[in-house]
Amino acid sequence: MVSSDGIGRLAVLAAGAAAFAVVGVALFVVYPETLADLAGVLAALAATALGVRIVGPIAGSVFPGYDVAEVAVEGPITRDGGGGRFPSSPGSTPADDIVDQIDRADEDEAVDALLVKLNTPGGEVVPSDDIKLAAERFDGPTIAYATDVCASGGYWIASGCDELWARDGSVVGSIGVIGSRVNASDLAERLGVSYERFAAGQFKDAGTPLKEMSDDERAYLQGLIDDYYETFVERVSEGRELDPEFVRETEARIYLGEQAHEMGLVDELGTRRELEDELADRLERDAVAVEEFEPRRPLMARVGAGARSVAYAFGAGVAGLVGDREFRLRF
């Protein structure tokens, strides 16, 4: 059955095509008697095609063919979609772009609900929180849907949605924070490289890999991680309506979707089609039409993404490990 929006779009397209066809015939067939009939007909058809191209977007904006927006969070969560000096795994999207798409969906009058598709192992702390806050700002039902992995920062984002769906085999959880550094002091000594400190403030160079870490520095950095962890527990407890002690008792473990559902970490188990059917029932309509909201990327950005994918496959994971020169904090 064709929806009213679909009928409206067809009507706008038909009216626009007819109008441009009339203009084309008038310009290329009726008035210039010196033109050959065939050339006039061809020109009229070209004018009609041009009219359809012009009117099409107008029809789509007046009668949109969707009522649910989907925004995907895929790959490691970072501010710029990369891994700093070295490539992250392919397919990740900059956090700011994800926030922009959620806000765009919120401003779109055709969108009645938001679907946040999650396939991420987590990532940086503040970018994850920015996405979560954007989901909370959305004016309407918000459902997070875990495909393969919804861990750490991904679960933080899910806690900003009304509910979380997953598959039986989805990996869910890892509610914790990790900080890491490469200790290269022994290697530097063997290479004859020494570290000279010029800093103001006792902990300014805490975590620098070219020197051994003191007990005070270790306690200081662990304190930062503990503070972030308590914030993580608090946000998840509030957003998911879970007892804080229960969240701590998970000890950052990961669970398969079925077990996560039994524990209350996931609200519903189901396929994407089952989720859409449920959403249609809640919105009181026969079916929903989902539109993917994703940033438009220029050609060079797409080429760069392809290059990152190749670099990652070639061994960027090892390069990222070797390239760590500072203390890194992430979900």
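The values are calculated or read from the model by the stated rules, or taken from the named source; none is laboratory data. From a predicted model like this one, the values you see are computed outputs, not experimental measurements. Cβ sites come from the backbone with ideal geometry, for glycine too, and all protein chains shown count toward neighbours.
General remarks:
- Segment 161-188 - residue that is touching a strand residue (DSSP E or B) at 6+ places or on another chain (Cβ under 9 Å) and hydroxyl-bearing (S, T, Y) and, of those, surrounded by the most Cβ atoms within 10 Å (Cβ to Cβ): S170
- Condition check for S159: within 30 Å of E107 (Cβ to Cβ), among the polar types (S, T, N, Q) and at pLDDT 90 or above: yes
So that you can scan it fast, the table gives a plain yes or no per residue for (1) surrounded by 18 or more Cβ atoms within 10 Å (Cβ to Cβ); (2) farther than 28 Å from G154 by Cα; (3) acidic (D, E):
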| residue | (1), (2), (3) |
| --- | --- |
| F198 | no, yes, no |
| F203 | no, yes, no |
| R218 | no, no, no |
| L224 | no, no, no |
| D227 | no, no, yes |
| R240 | yes, no, no |
| R248 | no, no, no |
| A252 | no, no, no |
| T271 | no, no, no |
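- Failed item in (1) more than 23 Å from I143 (Cα to Cα); (2) touching a residue at least 24 places away in the same chain (Cβ under 8 Å); (3) hydroxyl-bearing (S, T, Y), with S194 passing the rest: (2)
- Filtered residue count, segment 205-260, keeping only those that are farther than 29 Å from T147 by Cα and aromatic (F, W, Y): 1
- Answer residue from segment 161-191, given it is among the basic types (K, R) and touching a residue at least 40 places away in the same chain (Cβ under 8 Å) and is farthest from R218 (Cα to Cα) among those: R167
- Inclusion of D243 among residues that are modelled with pLDDT of 95 or more, touching a strand residue (DSSP E or B) at 6+ places or on another chain (Cβ under 8 Å) and under 28 Å from G169 (Cβ atoms) is not warranted.
- Of everything in segment 123-160 that is touching a residue at least 60 places away in the same chain (Cβ under 8 Å) and in a loop (DSSP other than H, G, I, E, B), the residue that is surrounded by the most Cβ atoms within 10 Å (Cβ to Cβ) is S152.
- In segment 218-277, the residue that is farthest from I143 (Cα to Cα) out of those that are in contact with a helix residue (DSSP H, G or I) (Cβ under 7 Å, 6 or more places away or on another chain) and among the basic types (K, R) is R248.
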